[in-house]
Structures are given as structure tokens and as C-alpha cells.
Amino acid sequence: MAVILDGISNEDKIALEKLVKKQSKPGMVVIELGSYTGKSSISMLPVIAQNNGRLYCVDWFKGMPCSTEDIQWSYKEHNILDIFLNRIKDEGYEKNTITLIGRTDEVCDVIGDNVADLIFIDADHRYENVRKDILKWYPKLKNNGVLCGHDYLKHLKDCNYLRALELCEENVDMMFGEPHHYGVIRSISEFFPDVKFESSIWHIEKTDSHPLLELSLKLASTAAEHNKTFSQSRGVSIVNQSSDPLQQKRHEELNEHIHQLLENEKYSEMVVTSIGSILWNVQLTTMALELLQTALSKTNGSDNSMTLTLYAVLLFKAGNVSLSIECFEKLNRLRPDDPVILNKLGELYYSIGKKEQAEIIFKKTFSLALNYYFPELLNNLGVLYWEAGKKELALKAIIDGMNMTKGTHVNIVLNYSDMLQSQKKADIALSLLERHYALSKDSRIMAGIKQLKDKGHGMVK
Ligand SMILES: C[S@@+](CC[C@H](N)C(=O)[O-])C[C@H]1O[C@@H](n2cnc3c(N)ncnc32)[C@H](O)[C@@H]1O
């Protein structure tokens, strides 16, 4: 039976208690997003109860989607909601606790604005979802409220930025075996570049100015307002191509606002890349690319590798592969020992059919990445070897990748399943996929299962 994890660490508990104490006042209101078995709730409740206040615990009590981590197993094997409710009761905090069972983005709609003294975020850790939680819950804070959350151990600028972008793109917060929650780190750093953190608890105060969050809130409401005219697909600029004079005017105002902000912040890399991401997130693609290009020209000569990284990634997504390759080549010259950049370059050459060049690059990456956690590289090597008919080498790379990730990496699992099928081991492939799906609910894994079942595998004979 799976072990039930114990929530936040004792150091985090101390940091969280300090924030709650700072906000302490009679009748205080605290909201927690993500309560699990209640360890973080219990660490805030003594102060809340002393003040005759309320803690609203929001959790759908179904675990973390797209995660194959231990929390998912504990939800499968235990009644976490019961454990949570009993813990609150046993500790004597029933009258101070209101449990709201549901998804954070839905529960949000039944809570009024300007009501909370503190909001603690520890629910879905994926980039888009943390962003959504912040955009939706920030207005619920009183003007002197504190917004805080869990799992922030490093600023984004101190992480491998490309790795963070890639994992967020894969809709993954943290890869098994990797030390950072990139979904949390990226979203928080982008909204609050100067965020403070103690242990792994980040926090900001609503009284301070947060221009990047304000920009995002403004764009989010414009997006909602003009939902119908917004393109659903990334890679298309919605406002730039609009002939609607009102939208064009908004576009000009937005541009002016952003350039003012950039001048004020002296083109700091974190601010430039945050705005680039924010624009990309609302599909203002052309504007994002233009902004990054301008920033690169203004900071030419200094180390602007974060800006260049985002520019290269967005160019690729917008379909300009050759310019993206040029940028990654440049990045590789700036950071010759970074296996993540080199691996990306290999993938890009592979994508345009230059497989020999890709293989040379992957092999070089492999020698650089010996002491590095890098399952994607093993996956890439596996695919290349497989295509070249080097089946033993391919299987070795993929099985090493499976071991490194304990079978949690979607692409590696899918490729391993293909290899097993071609070795006439489709039933093993099916149980591999089913085991993964039970936790991850990943749609690509489901498609693989369906394909095998359509071929008659897994049927009782
Ligand atoms: C990391 S745990 C919270 C741990 C808890 N704060 C503690 O330290 O004791 C995350 C919790 O968020 C919940 N959760 C994840 N995504 C959610 C969502 N979109 N809406 C509501 N709850 C969610 C999960 O069910 C899980 O119980």
C-alpha cells in the first residue's frame, strides 16, 4: 500500500506560520488551495483559531493531474478527504475550517473579491494552472493581503531556463528525479521577478506594485472580452492582423505600455522574458517576437542568453525553424557546455531531416550530460538508433530512460511500447501503458491503449 506523504516540510511550516502571524487580526480569513491531508492547514490553524478566523480549504481531493508521483498513488489507495477531515476534527479546528470540495478555478467563482488576508497556493503545480490560479485568486485578496505558495526553491533566472521552458511546454511541473518544480518557479518568477522566499515558501504583498501581474490581468480580461476574435491556435497573431480599428488602438496602447515598462526596468532579462511569455500566452505572437528582437538589439554584447533562448523557442513554435536553429547555434557558442541547448539543437536538425548531424550532436550531448539528469536525450538517442536499425543500442537507451524516470516519462513510455510491439510483445506494452494511464490520465497514452485494444490485445481469450 502506498505511503501517505506528509505535505509541506517542517521548515516550510515555520515559514508559512510566520506569514500567517504577520497577517493575524480578529476574524481573519485565509484561503488554502490544495490541502491534501491537512499538514499545511494545521500549521496555519492555531493562529487563525486564536483570532476566531476562518480557513477555507479548497481541494478537489483527486490528486495531481498529469503526475505519476507518489501523491497520485496515495489518492488511489487511501481516502484522502476522510484523512483530511478527521485530522481537522481531531485537532479541534472544525469550527474554524470550511472545506470546499472542487477545482480551484471553479470554486473561485463562488468567493467574493477583497475578502482574504492571506491565500496559500499549493494545488496543481503545472505552469498554466499556477498562472490561472494566480490570475483568478489574486482579486480575492484584501488590499493589504499576502499571496504565497509552496515549492519555490530557486528563481527562474538561476535555473536552466531552456529546461524550464521545455518541461512547461510538456505540461510537466517536475520530472521524476529532478529537483525543481519548474511549473511553479516559472509562473511565479514571471509574475513576480523580485519574489521573496523562505525555505520553499514564496510570498508577495498586494500593497506592492506588480506590473507584470497587472499586465497579465489586463490581457486576461481583454482575452475574455474578445474571446471570439481570438485565434485558438498558437503561432497566429490575433491583434496584429486585426482590421478592427478598436483592436488596433488597443494594440498600440498595449505596445506603448509595454515599452514604457521595459524602459523603466532597464530591459532586465527577467522582465523582458516575462513579458515575452505573457504575450505568447495570450497568442500575441508577433508582438512577443518583435519585443524579444528589440530587447536583443538593445542588450547586444551583454549576456542576454535568457532572451535569446525564449526568442529561439518561440521562433520554432511560430514555424521559423531556420532562424530558430541560428539562434540555438549562437546560444551553443555562448554556453558550449550546456547539454540542454545542444540536445535542442540536435532535435531541430532532426526535425529538418539532417539526421547525421543530429546523431553527432546527440552523441556529443551524451558525453557532456554524464552527470546530468536528462531522460529526453536518452529518448532521442533511442529513436535515432531505432530508425538506423541499431535495435540493441536503441533499446538500451530507452530502457536506461525508463529506469532514470521510473517509467514516468510519456515519450519514453510510448517509444518503449512501440519497440515492445515490434518485438511481438504487445501485451507487455499494453500493461505498461495501462499502468501509466492509471496515474497520469495522459491522452497520448490513452490513444496508445486504444490502438492496441483495437488490434485485439488485452482481450480475454
Ligand atoms: C501538494 S498537495 C497539497 C499539500 C498540502 N498543501 C500540504 O502541504 O499538506 C496538492 C493538492 O492539490 C489538489 N489539487 C490539484 N489540482 C487541483 C485543482 N485543480 N483543484 C483543486 N485541487 C487540486 C490535490 O488533490 C492535492 O490534494
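Read-outs throughout are calculated quantities, based only on the coordinates presented, and are distinct from any laboratory measurement. What you see is a predicted model, and the numbers here were worked out from it, not measured in a lab. Positions of Cβ are backbone-derived with ideal geometry, glycine not excepted, and every protein chain shown enters the neighbour counts.
Would you work out which of P65, L165, P139 lies farthest towards the positive end of the dipole of the range 10-208, given +1 charges on the beta-carbon of Lys and Arg and -1 on that of Asp and Glu, about the Cα centre?
So the residue furthest toward the plus end is P139.
May I ask you to compute the full-extension gain from E214 to E91, defined as 0.36 nm times their residue separation minus their alpha-carbon distance, rounded to one decimal in nm?
Taking E214 through E91 to full extension adds about 40.3 nm, to one decimal.
Distance between the C-alpha centers of the range 328-386 and the range 135-178? Whole Å please.
Comparing the Cα centres of the range 328-386 and the range 135-178, I get a distance of 27 Å.
What full-extension length gain, to one decimal in nm, is calculated for Q451 and D337 as 0.36 nm per residue of separation minus the Cα-Cα distance? Don't skip to the end; give the middle numbers.
Values: separation 114, 0.36 × 114 = 41.04 nm, distance 4.09 nm.
Contour length minus the Cα-Cα distance gives 37.0 nm.
Counting each DSSP H run of 4 or more residues in the chain as -39500 (n - 2.57), what helix-only mean residue ellipticity at 222 nm follows after dividing by all residues, to the nearest 500 deg cm²/dmol? Present the calculation step by step, with values, prior to reporting the outcome.
Working: 21 runs with 261 residues, N = 461.
Rounded to the nearest 500, it is -17500 deg cm²/dmol.
State, in angstrom, two size descriptors of the chain derived from its alpha carbons: Rg to one decimal place and Dmax to the nearest whole number.
Radius of gyration, then largest Cα-Cα span, for the chain: 23.7, 71 Å.
Among 152-164, 313-325, 23-35, what's the highest-first ranking by average C-beta atoms within 10 angstrom per residue?
Order by mean packing, descending: 23-35, 152-164, 313-325.
If we count other beta carbons within 10 Å of each Cβ, what is the order of D173, D113, fewest first? Numbers along the way, then the final one.
Numbers: D173 27, D113 10.
Ranking D173, D113 by Cβ neighbours within 10 Å, fewest first, gives D113, D173.
With the cut-off at 29 Å, tell me which of the pairs K21/K136; K76/K391; K364/K425 have Cα atoms farther apart than that. Walk me through the numbers before you get to the answer.
Working: K21/K136 25 Å; K76/K391 37 Å; K364/K425 33 Å.
Flagged as over cut-off: K76/K391; K364/K425.
Taking 41 Å as R0, compute the FRET efficiency from the Cβ-Cβ separation of E329 and S268 and round it to 0.05.
0.95
Can you sort T365, T37, T299 so the residue with the fewest Cβ neighbours within 10 Å comes first? Provide the component values of the computation, followed by the final result.
Values: T365 24, T37 21, T299 17.
So the residues, fewest neighbours to most, are T299, T37, T365.
Taking every DSSP beta bridge that has both residues in the range 10-208, what percent is antiparallel when rounded to the nearest 5?
Working: 7 of 26 bridges.
Expressed as a percentage, antiparallel bridges in the range 10-208 total about 25.
Can you put R87, R333 in order of Cβ neighbours within 10 angstrom, beginning with the fewest? All intermediate terms of the calculation are to be shown ahead of the outcome.
On the way: R87 16, R333 9.
The order, fewest Cβ neighbours first, is R333, R87.
What share of the DSSP beta bridges in the chain is antiparallel, in percent to the nearest 5? Please report the intermediate quantities before stating the final value.
Values: 7 of 26 bridges.
The answer is about 25 percent antiparallel.
What do you get for Rg/Rh over the range 405-456 if you use C-alpha atoms and the Kirkwood form of Rh?
Values: Rg = 9.9 Å, Rh = 10.7 Å.
For the range 405-456, the value is 0.92.
Translational D (Stokes-Einstein, µm²/s) of the range 37-190 at 25 °C and 0.890 mPa s when Rh comes from the Kirkwood sum over C-alpha pairs? Working shown, then result.
On the way: Rh = 16.7 Å.
Answer, rounded: 147 µm²/s.
Mind checking which aspartates and glutamates have their Cα closer than 15 Å to the Cα of K39? Skip sequence neighbours fewer than 8 apart in that chain.
K39 reaches D6, E11, D12, E17, D59, D82, D90, E91, E94, D122, D151.
Let's test this: bin the Cα-Cα distances of the range 1-119 at 5 Å from zero up to the farthest pair and state each bin's percent.
2, 11, 21, 22, 21, 14, 6, 2, 0
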